[in-house]
Amino acid sequence: QVQLVESGGGLVQPGGSLRLSCAASGSIVSVNVMGWDRQAPGKQRELVATITSGGGTNYAESVKGRFTISRDNARNTVLLQMNSLKPEDTAVFYCYARVRISTTRNWYDAWGQGTQVTVSS
């Protein structure tokens, strides 16, 4: 019903930058919070950043000051600018959006398929 497609992942050296994008499409009536989480090898999935429809942001402590989340409401797109990347940032990054496909339906979280980010020399 709702599709989220991530892009922008890849291999980058420590200290480098990467920009992730995620576009939501489908029969979307409303989009609330959007965000990113990640899962590193052998570790639990964790929240990276969220952004509300009004622009309020929330970041994991480990990425604060290095990552910036933003969104384009007109295109139902959420972005994650990642600077000063560290090897411990290596993970599969997933985007999500809390959406409604109808005013008669409840909100639910739609997830993307994930994009690999690898930080290595």
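Things worth noting here:
- Within the accessible surface of the chain, defined with a 1.4 Å probe on protein heavy atoms only, the carbon and sulfur portion equals 45 percent.
- Karplus-based coupling profile of segment 14-19, in residue order and whole Hz: x, x, x, 10, 8, 10, with θ = phi - 60° in 6.51 cos²θ - 1.76 cosθ + 1.60 and x standing for Gly or Pro.
- Solvent exposure of the chain, expressed per residue, is 52 Å² of accessible area, with all protein chains present and a 1.4 angstrom probe.
- Environment charge of residue 57, counting only residues whose C-beta is closer than 11 Å and scoring Lys/Arg +1, Asp/Glu -1: +2
- Averaging Cα coordinates gives a centre for segment 89-112 and one for segment 1-66; these two points are 11 Å apart.
- Applying the Karplus relation 6.51 cos²θ - 1.76 cosθ + 1.60 with θ = phi - 60° to segment 77-89 yields 3J(HN,Hα) values of 10, 10, 10, 9, 8, 10, 10, 6, 5, 10, x, 5, 7 Hz, where x marks Gly and Pro.
- Solution diffusion estimate, µm²/s, Stokes-Einstein, the chain, Kirkwood Rh from C-alpha pairs, 4 °C, viscosity 1.567 mPa s: 90 µm²/s
- Summing +1 for each Lys or Arg and -1 for each Asp or Glu among the other residues whose beta-carbon sits under 12 angstrom from that of residue 116 gives -1.
- Distance between the pseudo-spin-label points of residue 45 and residue 61 (7 Å out from Cα toward the beta carbon): 2.3 nm.
The values are calculated or read from the model by the stated rules, or taken from the named source; none is laboratory data. Nothing here was measured: the structure is a model prediction, and the numbers come from that model. Quick reminder, even Gly has a Cβ in these numbers, built from the backbone with ideal geometry, and neighbours come from all protein chains shown. When the accessible area is computed, the model is the full protein with side chains, heavy atoms only, and any ligands, DNA or RNA have been set aside. Shrake-Rupley method; radii C 1.70, N 1.55, O 1.52, S 1.80 Å.
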